[in-house]
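What follows is a single structure, written as structure tokens, with notes after it.
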Amino acid sequence: ENKKTSLIIILTALAVPILIFIFKPDNRIKKMFFPNQEMVVNRSTRYGNLVITKQTSQLNVYENNDLQFYTENMMMNEESVHFAMVQHKNPQRVLLVSGGISGMIKEIEKYKVNRITYLEINPEIFNSLKDWGKTGLDITNVEVVKSDVRSFIAGSNQKYDVILLNLPPPSSLGLNRFYTAEFFETVKKHCNQESVLCTSLPSTANYAEDNALEVNSSLWKTIGLNFKNQLLLTGEKNYFIASDQPLTANIAAMIANKGIVTEYVNQFYIDDTLLTARSQTLTGQLNLSAPVNHDFSPYMFIKQIHHWLSQSGASYKILILVPLVMFLLFFIKLNPVTTGLYTGGFTAASLEIALMLAYQNYFGSLYIATAFFFAVFMAGMALGSSINLKSGFPQIKSYFRLQFGLAAFAVVLPFLIQITGEFAGLRLPVQFMFFVLVFALAFAVGFEFLLASKLQQNSFCETSGVNYSTDLAGSAFGAFLTAIVLLPMVGLVYTCLIVAALNILSGTLAFSIRKLSIF
């Protein structure tokens, strides 16, 4: 029977690549996600999977299937640039984050600036479009920086007159880090007294759904921590403009006074009175008590997910309630030994995600670093589970003590993350520290798996199956609930405290059976 099973597995493993080669489903997937679009670039980069498509003369840039930006949108290019640029008396140095390829550099040049520093979330975009011959970045005063945005801003001492952030909405934890109080605090260090900042969110002009308003409210409050004055203008997007100097919504009048030639942002298409009224209406709808968005408490991310789910009629509560109930049911039905293994799997996944989130906030893209995280984690698991236990080793005592130790690790982890963040400028040593923490966590969980296997009184096959499935289930719940529920809703500190509480509970159950004769 085992030979038949092995033969089926081998044949399946051989058949899959053959079927992929014959039928090439990748092309069908491309057509499904990008209908009526010609594939220009499709490559995996260290920052993410980059896809660039073409529709007539328009280029669409996707990263991990999320639309980053597209070209040939004259209205958005002019709004994104002129709404902010016109607020400054004489802008000379401009920081542009995304949008240069789409045509914004041409609009910035109308102000006779000295220098434009230009970055993209995925710097591989420059190389990809250069190979295709479509960058349009041959202007002498444009400095193209091929670096992670937050890492560059944190390590630079340059001050800018205008900072333009043209980024996708915070629909992922990776994008949320460009909308946090910590990010804007770093950006503020690159501003002078007259500097102007502009960022944006999807437009709510036609329908201001509650969750979308919460996203806008949180961003408004978050920016307000670092800038004295704010202005919210509506158009193709909701544009959040901030400065320590007074701001005005009389965009068309100021464009005319400065003599800037535009196709759309001018008095023939924009009525300053109407723009001001719409701005005041939207600002009046904002919830001024909305939470501030933080790196480790991503409120905007969770509300953006709520907003997207509301468009399809899906319920976020149901999305999290079902796996949460399943997690608790499994927890209740397990015995004291497997409960520890269950919470161990949950702990491993939860704290690893917390460490990966911190790494991403401090050092940028996590796409390539994920491979190192998993490799180090598996090495720690393998080493921890391969320890040779001598005869008479106190297995049950070590088992519940180890769970209490994991609880202590979870409690101190937020402080360790904060301390390492203070020294993020020492890139390599701090990165090494992150992997040391991952290895230590994995080693402890691997050793816990070994002890649980020794403590089980069943046959080898049954013990292996039960332990593996229990640990895997805990890891699955940990990965899902931490990323989708705990971190966004309660933040890093309370997430770690919840993980610690689970380990204390499971450790207490193991402690309660320490005097049984079988142990």
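The values are calculated or read from the model by the stated rules, or taken from the named source; none is laboratory data. All of these numbers come straight from a predicted model, not from anything done at the bench. In this analysis, Cβ positions are derived from the backbone assuming ideal geometry, glycine residues included, and neighbour counts consider all displayed protein chains. Side chains included, ligands, DNA and RNA excluded: accessible areas come from the protein's heavy atoms. Shrake-Rupley method; radii C 1.70, N 1.55, O 1.52, S 1.80 Å.
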Scan segment 486-499 for residues that are buried (at least 21 other Cβ atoms within 10 Å of the Cβ) and over 11 Å from I302 (Cβ atoms) and report the count. 4
Take the conditions open to solvent by 40 Å² or more (accessible area, probe 1.4 Å), in contact (Cβ under 8 Å) with a residue 24 or more places away in the chain and not polar (S, T, N, Q) and apply them to L275. Does it pass? no
Could you say whether any residue in segment 152-173 is of a type outside the set (A, V, I, L, M), more than 26 Å from G235 (Cα to Cα) and crowded, with 17+ Cβ neighbours inside 10 Å? yes
Going through Q457, Q418 one at a time, which residue ends up being open to solvent by 20 Å² or more (accessible area, probe 1.4 Å), farther than 30 Å from G364 by Cα and among the polar types (S, T, N, Q)? Q457
Taking first residues from segment 85-112 that are among the basic types (K, R) and second residues anywhere that are surrounded by fewer than 20 Cβ atoms within 10 Å (Cβ to Cβ), the pairs with Cβ under 6 Å that are 6 or more apart or on different chains are R93/R115; K110/I260
Among residues belonging to segment 377-415 that are touching a residue at least 24 places away in the same chain (Cβ under 8 Å) and polar (S, T, N, Q), point out the one that is surrounded by the most Cβ atoms within 10 Å (Cβ to Cβ). Q403
P291 fails exactly one of (1) part of a helix (DSSP H, G or I); (2) modelled with pLDDT of 90 or more, namely (1)
Which numbered condition F439 misses (of (1) aromatic (F, W, Y); (2) farther than 30 Å from G155 by Cα; (3) out of contact with any Phe, Trp or Tyr (no Cβ under 7 Å at 6 or more places or on another chain); (4) open to solvent by less than 80 Å² (accessible area, probe 1.4 Å)): (2)
Given (1) among the polar types (S, T, N, Q); (2) over 26 Å from P169 (Cα atoms); (3) open to solvent by less than 40 Å² (accessible area, probe 1.4 Å), where does N335 come up short, assuming only one miss? (3)
Residue, nearest to I108 (Cα to Cα), within segment 151-199, restricted to residues that are at pLDDT 90 or above and small (G, A, S): S195
Enumeration of residues in segment 193-212 that are outside any loop (DSSP other than H, G, I, E, B) and either in contact with a strand residue (DSSP E or B) (Cβ under 8 Å, 6 or more places away or on another chain) or buried (at least 22 other Cβ atoms within 10 Å of the Cβ) (or both): E194, S195, V196, L197, C198, T199, S200, L201, P202, A212
Restricting attention to segment 219-236, and to residues there that are open to solvent by less than 20 Å² (accessible area, probe 1.4 Å) and assigned to a helix (DSSP H, G or I), which single residue is nearest to N206 (Cα to Cα)? L219
Being touching a Pro at 6+ places or on another chain (Cβ under 8 Å) and more than 30 Å from G421 (Cα to Cα) narrows A277, A212 down to just A212
Selection from segment 237-257 of residues without any contact (Cβ under 8 Å) to a residue 60 or more places away in the chain and open to solvent by less than 40 Å² (accessible area, probe 1.4 Å) yields N238, F240, A242, D244, A249, A252
Among the residues of segment 269-280, are any under 19 Å from P488 (Cβ atoms), among the charged types (D, E, K, R) and in a helix (DSSP H, G or I)? no
Enumeration of residues in segment 500-518 that are among the β-branched types (V, I, T) and open to solvent by 30 Å² or more (accessible area, probe 1.4 Å): I504, T508, I518
Within segment 107-124, residues being in a helix (DSSP H, G or I) and among the β-branched types (V, I, T) number 1
How many residues are open to solvent by less than 50 Å² (accessible area, probe 1.4 Å) and either among the polar types (S, T, N, Q) or in contact (Cβ under 8 Å) with a residue 24 or more places away in the chain (or both) if we restrict to segment 465-483? 12
Go through the residues of segment 294-311 one by one and say whether even a single one is touching a residue at least 12 places away in the same chain (Cβ under 8 Å) and touching a Lys or Arg at 6+ places or on another chain (Cβ under 9 Å). yes
